[in-house]
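Student: Handing you this structure, nothing more for now.
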Amino acid sequence: MAVHLRVLLILTGFTGIHSITTVSKVSAKAGSSISIPCLYDSKYINHVKYLCKGYYWSSCSYIVKTNQQNSGRFSISDDNTRRIFTVTIKELADEDTHYWCAVEINGGADVKEYFHLSVTKDTPHLYVDHQEVTSLNGDNISINCSYINTGETKWCRLGRSCVTGWSGSIDGTNVTISEGAPSVFTVTMSGLRTESSGWYWCAKGDLQMPVHVTVSERPTTISTTTIGTTRRLTNPNHILGDGRQSAYTHLKSLIISLSLLISIMVALLIWFMLRRHKQTKAESSATTTAEEEVTYSIVKHKTKTSSQAEEEETYCNVGNMRKTSPQVEAEDKDVTYSTLAQHHQKM
């Protein structure tokens, strides 16, 4: 069977075997998940990519395509920018062994590349803790590759160069490989850049394990100064995440609200007092300061004698007058006349 597979791979070389690059053999544990990257040529960016299952290409069956919805345990995604489509298989089983990464060619033979999954019930012969690693621009990352088998140690970028010794570089990123613990070698990538993002794989002997590295730009930092404290923010719109800052913000809002309320109340009070004062003044000026009542009294004194003397009369006018406004004249209805008469009888 191995001879037949080797002959088949040689024959497929004439149909564009180098148009797709992927790992050749991966060890994984039953029940787990595995992601396999497949790098393709730029001329296939707009073509349909798919995963095919089967030992022989001529008899393999479609599992999932980029122009169809993912189904069940299988999913596929296409990164046109980096020209890599990734297939993910969940809940691995013993029969998940022979697969092909493929690109549809309209009017011609499809382009494909074979990879083999070695599914074990025990610990895989080569594995990493996480297939997805993230970092920031300028930082370093370390990846532990645990192994059981023997063979040459490598760290490679998919479709690019490899570091086979204890140190080297890949696309300008420094790489060191060290053996700190038994059956574990550690790969350290220093001075990461956003261009360092992509698929890598560690290798031991004939096994490879894909690892996806994502390097993001470091957030812009600004300095903000508060009373007695200098803090650094990673986002200009980010509110400092401690209770004191939140309490200060609430207190500030409360003070502003109270100040506005007090100002409105004072303004209303002043307006009410001014209005009251104007009303009082208007009522006072509207009151006519007329002349007080004038009382006139006529006192008549009469004395009678035996000779029937002439009657004596005494007239008295009593008046109480207050100075009035010059424009107001006293009317008749404001004057009271009275007559007092005194009579004397003859003794």
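The values are calculated or read from the model by the stated rules, or taken from the named source; none is laboratory data. Worth saying up front: this structure is predicted, and the values here are computed from it rather than measured. Methodologically, a virtual Cβ is constructed for each residue, glycine included, from the backbone with ideal geometry; neighbour enumeration extends over all protein chains shown.
Student: Within region 180-208, track down each residue that is surrounded by 20 or more Cβ atoms within 10 Å (Cβ to Cβ) and part of a strand (DSSP E or B).
Tutor: Phe185, Val187, Met189, Gly198, Trp199, Tyr200, Trp201, Cys202, Ala203, Lys204, Leu207, Gln208
Student: For Thr150, indicate whether it is surrounded by fewer than 18 Cβ atoms within 10 Å (Cβ to Cβ), in a strand (DSSP E or B) and not assigned by TED's automatic domain parsing to the domain that holds Val87.
Tutor: So Thr150 does not fit the description; no.
Student: Which condition breaks for Ser135 when tested against (1) under 15 Å from Ser197 (Cβ atoms); (2) out of contact with any helix residue (DSSP H, G or I) (no Cβ under 9 Å at 6 or more places or on another chain); (3) part of a strand (DSSP E or B); (4) of a type in the set (Gly, Ala, Ser)?
Tutor: (2)
Student: Ile177 fails exactly one of the following numbered conditions: (1) over 22 Å from Thr21 (Cα atoms); (2) surrounded by fewer than 19 Cβ atoms within 10 Å (Cβ to Cβ). What is the number of that condition?
Tutor: Tallying (1) over 22 Å from Thr21 (Cα atoms); (2) surrounded by fewer than 19 Cβ atoms within 10 Å (Cβ to Cβ), Ile177 fails exactly one: (2).
Student: Right, Glu132: under 20 Å from Leu158 (Cβ atoms), assigned by TED's automatic domain parsing to the domain that holds Arg157 and of a type in the set (Asp, Glu) or not?
Tutor: So Glu132 passes the test.
Student: Starting from residues that are under 16 Å from Pro210 (Cα atoms) and out of contact with any Ser or Thr (no Cβ under 8 Å at 6 or more places or on another chain), keep the ones in region 153-174 and report whichever is surrounded by the most Cβ atoms within 10 Å (Cβ to Cβ).
Tutor: Looking at residues that are under 16 Å from Pro210 (Cα atoms) and out of contact with any Ser or Thr (no Cβ under 8 Å at 6 or more places or on another chain), I get Trp155.
Student: Identify, by number, the condition in (1) modelled with pLDDT of 95 or more; (2) surrounded by 12 or more Cβ atoms within 10 Å (Cβ to Cβ) that Glu91 doesn't meet.
Tutor: Only one criterion is unmet by Glu91, namely (2).
Student: Next question. Among Tyr99, Tyr114, which is surrounded by 13 or more Cβ atoms within 10 Å (Cβ to Cβ), within 20 Å of Lys29 (Cβ to Cβ) and in the same structural domain as Tyr55 (by TED's automatic domain parsing)?
Tutor: None of the others qualify; the one that does is Tyr99.
Student: Restricting to region 144-165, what's the tally of residues that are of a type in the set (A, V, I, L, M) and within 15 Å of Ser178 (Cα to Cα)?
Tutor: Residues that pass the stated criteria total 1.
Student: Step by step: first the residues of region 67-95, then only those that are touching a Leu at 6+ places or on another chain (Cβ under 9 Å), part of a loop (DSSP other than H, G, I, E, B) and in contact (Cβ under 8 Å) with a residue 24 or more places away in the chain, then the one that is nearest to Cys38 (Cα to Cα). Which residue is that?
Tutor: Per the criteria, the residue is Arg83.
Student: Let me ask something else about it. Going by what's in this entry, would Ile143 be described as in the same structural domain as Pro182 (by TED's automatic domain parsing) and either surrounded by 16 or more Cβ atoms within 10 Å (Cβ to Cβ) or touching a Gly at 6+ places or on another chain (Cβ under 8 Å) (or both)?
Tutor: Yes; evaluated as a whole, the condition is true for this residue.
Student: Taking the stated definitions as given, is Arg218 part of a strand (DSSP E or B), modelled with pLDDT under 95, not assigned by TED's automatic domain parsing to the domain that holds Phe115 and not aliphatic (A, V, I, L, M)?
Tutor: no
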